[in-house]
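Remarks on the structure that follows.
Every number here is computed from the coordinates shown, using simple stated rules; none is lab data. These numbers were taken from a predicted model, which means no experiment stands behind them. In this analysis, Cβ positions are derived from the backbone assuming ideal geometry, glycine residues included, and neighbour counts consider all displayed protein chains.
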Amino acid sequence: MNELTAVRKRVQSIDILRGIVMIIMALDHVRDYFHVDAFQSDPLNPDTTTPILYFTRWITHFCAPTFVFLAGTSAYLVGTRKTKADLGSFLMKRGLWLILIEVVVITLGWTFDPLYRTTILQVIWAIGISMVLLGLAVRLPYWVIFSIGALIVFGHNILDYPEAARKNDVGFFWDLLHNGRFDTYAYAPNRMLIIAYSFLPWLGIMLMGYCAGRLFEPIVTAQSRQKKLLLTGLALIALFVVLRLMNNYGDPFTWTSRSTALGSFLAFMNVQKYPPSLMYTCITLGPALIMLALLENVQNRFAEFVKVFGRVPFFYYVLHIYLIHLATVIAFYIEGYGAKDIAGPTPFLFRPVQFGYDLWAVYIIWIALVLLLYPLCRWYNNYKNTHTQWWLSYL
């Protein structure tokens, strides 16, 4: 079985929450490929967006931090039946494998460029390198891991100030660590690297997720766990509100009121994901922890449906990227585009800048994709549960 997403008795709330965010994540990626304005405007710009477009993009903010946090929690649960040395070794190997998959498999899925003229470091890279570092850290005392994680999450925005002083021109290694905002680096003729996810803030989230794993040990009652998750979630939301009102720390971009109450609210909620600011982390993980508490004893058809995705998240992630891009290729030719239109100003082949449909069509494609993925994920989940090959730990 996949050791990083399974325990002897699976934690249902983790599987359900992870499944929900995986489904929501697909909406954002379908929008990237199929919405007509995806490459032409910022859906979170309160001055140009619409409420439904803003919501479509903003709701997907929950996905990456929740996924990374729960990856840390799952690592802790795996560690309850391993030695620290074995857990560290597994996490480091798993992390290096994820980095390789990001560069070789996932980049190809995003670009469909077999020449790999562009390599993109995204969330799987960030999880991979964070997992490697977590593998080194698991031998440390619990309080040290917690302190490091908290220091990163609550303190990394201090780095915003020297970055701003240098107008974000901080160089490759700093971009890789913290500042990367889709900065590009040429490493060979006609070859470039895009840093979408700088890893330090995501490492902090994973470390905190690892420490939260203690709440799911058998000695902790469900009532105690739910109470702590609820209080922590509410505290994070409250901290977001306080910091946003103070408007001088926790996000590199301050907000200003608009001419309408709705515009002001959209500006207030528009926080930075690349890299994830403290405010972004608070307003995403806060509600996620509350949901984790409320999902503790949920048993219904919807929960059974989403759990399938939550139990095979990596399989789902890779597959959904390829299916979305393949569907884009089909639509590309149906819309009358030809060979001369395959490559454009972006790294994503078969996706012209002007291509796409209205937002309602994006939602239809998203629902169809999720329904198509369900039987595939259910089959793979059943396969994992009935087979013990070593490579299943990496998929």
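Averaging 1/r over each pair of different alpha-carbon atoms in segment 108-186 and inverting the result gives 15.1 Å, the Kirkwood hydrodynamic radius. Of the three principal axes defined by the Cα atoms of the chain, the extents in descending order read 61, 52, 46 Å. Working from Cα pairs under 8 Å separated by at least six residues, relative contact order for segment 162-208 is 30 percent. For the pair Leu262 and Tyr142, the difference between a 0.36 nm per residue extended length and the Cα-Cα distance amounts to 38.8 nm.
When the dipole is taken about the Cα centre of segment 150-222, and only Lys, Arg (+1) and Asp, Glu (-1) are charged at their Cβ, what size is it in debye, to the nearest 20?
Values: 5 positive and 6 negative charges, 17 e Å.
Dipole of segment 150-222, to the nearest 20 debye: 80 debye.
The slack in the chain from Val220 to Ala361, taken as 0.36 nm per residue of separation less the alpha-carbon distance, amounts to 46.2 nm.
His61 sits among other residues whose Cβ lies under 11 Å from its own Cβ, and their net charge, with Lys and Arg +1 and Asp and Glu -1, is +1. The smallest convex shape that holds all Cα atoms of segment 189-313, its convex hull, gives 198 Å³ per residue.
Each Lys and Arg adds +1 at its Cβ and each Asp and Glu adds -1 at its Cβ; summed about the Cα centre, the chain shows a dipole of about 1340 debye. Listed by chain and number, the lysines whose alpha-carbon sits under 28 Å from that of Lys84, ignoring those within fewer than 8 places in the same chain, are Lys9, Lys93, Lys228, Lys384. Relative contact order for the chain: 29 percent, from Cα pairs under 8 Å spaced at least 6 residues apart, divided by residue count.
Distance from the alpha carbon centroid of segment 154-198 to that of segment 270-344 works out to 25 angstrom. Taking all Cα-Cα distances within segment 247-363, those exceeding 23 Å account for 62%. The base-10 log of I(q)/I(0) for segment 46-130, evaluated at q = 0.10, 0.15, 0.21 Å⁻¹, reads -0.39, -0.74, -0.99 [Debye formula, identical scatterers on Cα atoms, solvent excluded].
Against the empirical 2.2 N^0.38 Å scaling, what ratio does the C-alpha Rg of segment 174-241 come to? Before the final figure, lay out the partial values.
Numbers: Rg = 18.8 Å, N = 68, 2.2 N^0.38 = 10.9 Å.
Relative to the rule-of-thumb radius for its length, segment 174-241 sits at 1.72.
The length gained by stretching the chain between Ile52 and Ala150 to full extension, at 0.36 nm per residue less their Cα-Cα distance, is 31.9 nm. Computed log10 I(q)/I(0) for segment 3-147 at 0.13 Å⁻¹: -0.73, from the Debye equation with unit scatterers placed on every C-alpha and solvent omitted.
Taking R0 as 30 Å, what FRET efficiency do you get between Trp379 and Ser89 from their Cβ-Cβ distance, rounded to the nearest 0.05? For R0 = 30 Å, the calculated efficiency reads 0.50.
Projecting the Cα atoms of Val362, Thr111, Trp202 onto the charge dipole of the chain, computed from C-beta unit charges around the Cα centre, puts Trp202 farthest toward the positive end.
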